[in-house]
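Asker: I am attaching a structure below and will ask some questions about it afterwards.
The values are calculated or read from the model by the stated rules, or taken from the named source; none is laboratory data. As the structure is a prediction and not an experimental result, all values here were calculated from the model. Cβ placement follows ideal geometry from the backbone for every residue including glycine, while neighbour counts extend to all protein chains displayed. Keep in mind that these areas ignore ligands, DNA and RNA; they rest on the heavy atoms of the full protein, side chains included. Shrake-Rupley method; radii C 1.70, N 1.55, O 1.52, S 1.80 Å.
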Amino acid sequence: MATLSFVAFSLCLLFFSLAQGLSNNPQCSEAKDQGSNLQVFHVYSPCSPFRPTKAMSWEESVLQMQADDQARLQFLSSLVAKKSVVPIASGRQIIQSPTYIVRAKIGTPPQTLLLAVDTSNDAAWVPCNGCVGCGSNVFNSAKSTTYKTLGCQTAQCKQVPNPTCLGSTCSFNTSYGGSTLAANLSQETFTLATDVVPGYTFGCLQKTTGSSVPPQGLLGLGRGPLSLLSQTQNLYQSTFSYCLPSFKSLNFSGSLRLGPVGQPKRIKYTPLLKNPRRSSLYYVNLNAIRVGRTIVDIPPAALAFNPTTGAGTIIDSGTVFTRLVEPAYVAVRNEFRRRVGKYPFQTLGGFDTCYSVPFVVPTITFMFSGMNVTLPEDNIVIHSTAGSITCLAMAAAPDNVNSVLNVIANMQQQNHRVLIDVPNSRLGVARERCT
């Protein structure tokens, strides 16, 4: 069975330092992180120590990715209807299968680690020395001269879930699926590319139980008070952009650009919307969807923004395949099938529009307020390596999660520069070859 040039995401990955995984590949050199620009790697790129050791069939790959997306969607759905709290290492609010990772240096002298980047989270957290249940490669706080824990009277301690006091240290315990984790609220020097961020607040994991706790560190790019944007307002002015590499690119290397300097000038914007119940998520107004030249008939309620229910559309870096609420997806799918023609289609897991014959892929355009984004073929369908099967790489929101949320996912964002400008409350998108 032919395999994809990309493979499924596994929940059972070991946590390594980036230096160990990248030392022999010049394409992965730390020298490529310069100024406020960081390389972004796919977790299974040749520059990542997280790539799988065992090849999977194409069907296994697709089914595993869909399963991981299901967990991601459940995580996102748990956010939209809750009152906004800062989720420092909250078990429900850590991505289970990080898709893209960046290099970060933590401590003095610096220790190089991999952090998953996630636009729908605020927290930063890493497994630390002495952590029971964590992997063998952790941040060793004892070897850093700038590490310190935060006390129970600090403002940050009031922003974590279920804080407790162990002596003078602010600690917390929370659950994650069938697992639990405990962390100390800490501060340390973080170095991103060549930018030094002293006193960065994060969760230093001390104990995990169960098998569902993800072992990677996390860098939250949301809008909450403990997110990277909030903690570096003076440095980056709450502005960043990212360009996610295609699954097909050899080195899977894109970029995370922090701050307003060097951002694209020729880019179209759509307003960011605020959901007070979940301020971290990047909501936008998706007004319509066009397949080819036809604007498909979608009930307005399927796209409408509603902060009370969490309904609307978000841009998310952690979900792989775009999910639309069922009325929207059915309208897009039916017009897609009509334009492809009378070729027989088949299903594969959660994908219900797959073909085993060559066909012309119609374009799909997301029509946002003030901005249209027309996707090329690579952002619309996935192919087996041999080209024997091609599937529409979108699906309906699953029945067993909050199905009011449309999620524009990372496959549809690949080879686009996505710019988040919080001070001006806008999100921009422009085509760019990310590798």
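Asker: Pull up region 358-371, narrow it to residues that are in contact (Cβ under 8 Å) with a residue 60 or more places away in the chain and open to solvent by 20 Å² or more (accessible area, probe 1.4 Å), then point me to the one that is nearest to ASP297 (Cα to Cα).
Answerer: Keep residues of region 358-371 that are in contact (Cβ under 8 Å) with a residue 60 or more places away in the chain, which gives 362-371.
Narrowing the set further to residues that are open to solvent by 20 Å² or more (accessible area, probe 1.4 Å) leaves 363, 367, 369-370.
Details: THR363: 16, MET367: 13, SER369: 17, GLY370: 20 Å.
Selected residue: MET367.
Asker: Also: Look at region 328-366 and say how many of its residues are under 18 Å from THR294 (Cα atoms) and among the aromatic types (Phe, Trp, Tyr).
Answerer: So the answer is 3.
Asker: Give me the pairs: first residue in region 331-343 and free of Cβ contacts under 8 Å to residues at least 40 places away in the same chain, second residue polar (S, T, N, Q), beta-carbon distance under 7 Å, and six or more apart or on different chains, which are they?
Answerer: Hits for this filter: ARG337/THR353.
Asker: So how many residues does region 97-118 have that are under 23 Å from the mean Cα position of the chain (by Cα) and part of a loop (DSSP other than H, G, I, E, B)?
Answerer: Just the residues of region 97-118 that are under 23 Å from the mean Cα position of the chain (by Cα), to begin with: 97-106, 112-118.
Narrowing the set further to residues that are part of a loop (DSSP other than H, G, I, E, B) leaves 97-99.
Qualifying residue count for the region: 3.
Asker: Shifting gears a bit: Six or more apart or on different chains, Cβ under 9 Å: which pairs go from a residue in region 127-143 that's over 20 Å from ARG103 (Cα atoms) to one that's open to solvent by less than 30 Å² (accessible area, probe 1.4 Å) and among the polar types (S, T, N, Q)? Could you list them?
Answerer: Close Cβ pairs (under 9 Å, with a partner that is open to solvent by less than 30 Å² (accessible area, probe 1.4 Å) and among the polar types (S, T, N, Q)) amount to GLY130/SER141; CYS131/THR208; VAL132/THR208; GLY133/SER179; GLY133/THR208.
Asker: Scan region 226-247 for residues that are surrounded by 23 or more Cβ atoms within 10 Å (Cβ to Cβ) and β-branched (Val, Ile, Thr) and report the count.
Answerer: Of the residues in that region, 0 qualify.
Asker: So which residues in region 204-227 are touching a strand residue (DSSP E or B) at 6+ places or on another chain (Cβ under 8 Å), small (Gly, Ala, Ser) and at pLDDT below 90, if there are any at all?
Answerer: GLY210, SER211, SER212, GLY217, GLY220
Asker: How many residues are in contact with a strand residue (DSSP E or B) (Cβ under 6 Å, 6 or more places away or on another chain), assigned to a strand (DSSP E or B) and either at pLDDT below 90 or over 15 Å from THR201 (Cα atoms) (or both) if we restrict to region 119-155?
Answerer: 6
Asker: Given the conditions (1) within 28 Å of LEU392 (Cα to Cα); (2) charged (D, E, K, R); (3) more than 20 Å from the chain's Cα centre (by Cα), report the number of the one that LYS265 does not fulfil.
Answerer: Of (1) within 28 Å of LEU392 (Cα to Cα); (2) charged (D, E, K, R); (3) more than 20 Å from the chain's Cα centre (by Cα), only one is false for LYS265: (1).
Asker: Pull up region 266-288, narrow it to residues that are more than 13 Å from VAL429 (Cα to Cα), in contact (Cβ under 8 Å) with a residue 40 or more places away in the chain and part of a strand (DSSP E or B), then point me to the one that is most open to solvent (accessible area, probe 1.4 Å).
Answerer: The selected residue is ASN287.
Asker: Hey, another quick one. How many residues does region 327-357 contain that are among the hydroxyl-bearing types (Ser, Thr, Tyr), open to solvent by 40 Å² or more (accessible area, probe 1.4 Å) and part of a strand (DSSP E or B)? Spell out how you get there, then give the answer.
Answerer: Keep residues of region 327-357 that are among the hydroxyl-bearing types (Ser, Thr, Tyr), which gives 329, 343, 347, 353, 355-356.
Next, only the ones that are open to solvent by 40 Å² or more (accessible area, probe 1.4 Å) stay: 343, 347, 356.
Those left that are additionally part of a strand (DSSP E or B): 347.
Of the residues in region 327-357, 1 are among the hydroxyl-bearing types (Ser, Thr, Tyr), open to solvent by 40 Å² or more (accessible area, probe 1.4 Å) and part of a strand (DSSP E or B).
Asker: Out of region 372-389, which residues are part of a loop (DSSP other than H, G, I, E, B) and open to solvent by 50 Å² or more (accessible area, probe 1.4 Å)? So that I can check it myself, show each step before the final result.
Answerer: As a first pass, look at region 372-389 and keep what is part of a loop (DSSP other than H, G, I, E, B): 376, 380, 384-389.
THR385, ALA386, SER388, listed by residue number.
Asker: Can you pull out every residue in region 296-313 that is open to solvent by 10 Å² or more (accessible area, probe 1.4 Å) and assigned to a loop (DSSP other than H, G, I, E, B)?
Answerer: VAL296, ASP297, ILE298, PRO299, LEU303, ALA304, PHE305, PRO307, THR308, THR309
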